[in-house]
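The structure under discussion appears below in the form of structure tokens.
The values are calculated or read from the model by the stated rules, or taken from the named source; none is laboratory data. If you're wondering where the values come from, they're calculated on a predicted model, not measured in any experiment. Ideal geometry is used to build each Cβ from the backbone, glycine not excepted, and the neighbour counts take in all protein chains shown. For the accessible areas, the whole protein counts, side chains as well, though only heavy atoms, and no ligand, DNA or RNA atoms are used. Shrake-Rupley method; radii C 1.70, N 1.55, O 1.52, S 1.80 Å.
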Amino acid sequence: MTAQPRYTRLAPRDRRAQILAAARELFADRPYGAVATKEIADRAGVRRGLLNHYFGTKRALYLEVVRDMVRVPSPPMPAELEGRPLEDVWSETVDRWLTMVERNRGLWLAAIRDPDLEPIFDRAREQSATNVLRIVGAPDTPALRALIRIYGAGAEAATVEWLARGRLTREQVRDVLVRSMLVLARDVKERP
């Protein structure tokens, strides 16, 4: 019987994705300081040197995990939105977002409190604002962008109340985020 090799050759893009997935799992369960690079390498099924090759340092890998977590997907295209009530579209959007933060609970809670990650979150918040303005069919003005950013800050605070403090359930967070967006969208459309 021949022993199976522990490591398999993958394309660089696939190897990088494998390492990111392993790191995300570990950082989602435990704080950054409690995760060793050897654990990440073992979870990914690679040698520790490959972590350095692809990401440089543990901190750089962590930053990439956070970037990947908050990467904002493209919004539905206008043709996909046509004829669909905003409530349905926004309910799906909120559900996807809540699933992402729930799956990455520990990482999410640590990351939103880390001031070093503010530039990553700021870029994601700006992209989210662009997408939301497009979904609700509003012009991209500084005032409306600010309102959407305020909504986003409330959404982040709601996740803390749900995931960290246990004061809200997922369903309550979903309900408040959907209802408040519908009110905000109606207000935006009524503005001259």
Distance in nm between Asn52 and Asp68 label points, each 7 Å along Cα→Cβ, equals 2.1 nm
Per segment 111-192, sqrt(5λ) over the Cα gyration tensor eigenvalues, sorted largest first, in Å, gives 23, 18, 8
Farthest towards the positive end of the dipole of the chain, among Gly166, Asn131, Val46 and with Cβ unit charges of +1 on Lys and Arg and -1 on Asp and Glu, lies the Cα of Val46
Rounded to two decimals, the Debye log10 I(q)/I(0) of segment 150-192 (Cα scatterers, no solvent) at q = 0.26 Å⁻¹ is -0.85
Residue span Asp29 to Ala157: 0.36 nm per residue of separation minus Cα-Cα distance leaves a gain in nm of 44.0 nm
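Quickly estimate the mean residue ellipticity at 222 nm for the chain, helices only: each DSSP H run with n ≥ 4 gives -39500 (n - 2.57), and the total goes over all residues, rounded to 500.
Numbers: 10 runs with 139 residues, N = 192.
My calculation for the chain gives -23500 deg cm²/dmol from helical runs alone.
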Counting only protein heavy atoms and leaving out ligands, DNA and RNA, the solvent-accessible surface of Asp95 at a 1.4 Å probe, in Å² to the nearest 10, equals 50 Å²
Labelled set (i) 27, 19, 14; (ii) 37, 18, 16; (iii) 32, 22, 11; semi-axes √(5λ) of the Cα gyration tensor in Å computed from this model equals the value at (ii)
In debye to the nearest 20, the charge dipole size for the chain, taken about the Cα centre with +1 at each Lys and Arg Cβ and -1 at each Asp and Glu Cβ, equals 840 debye
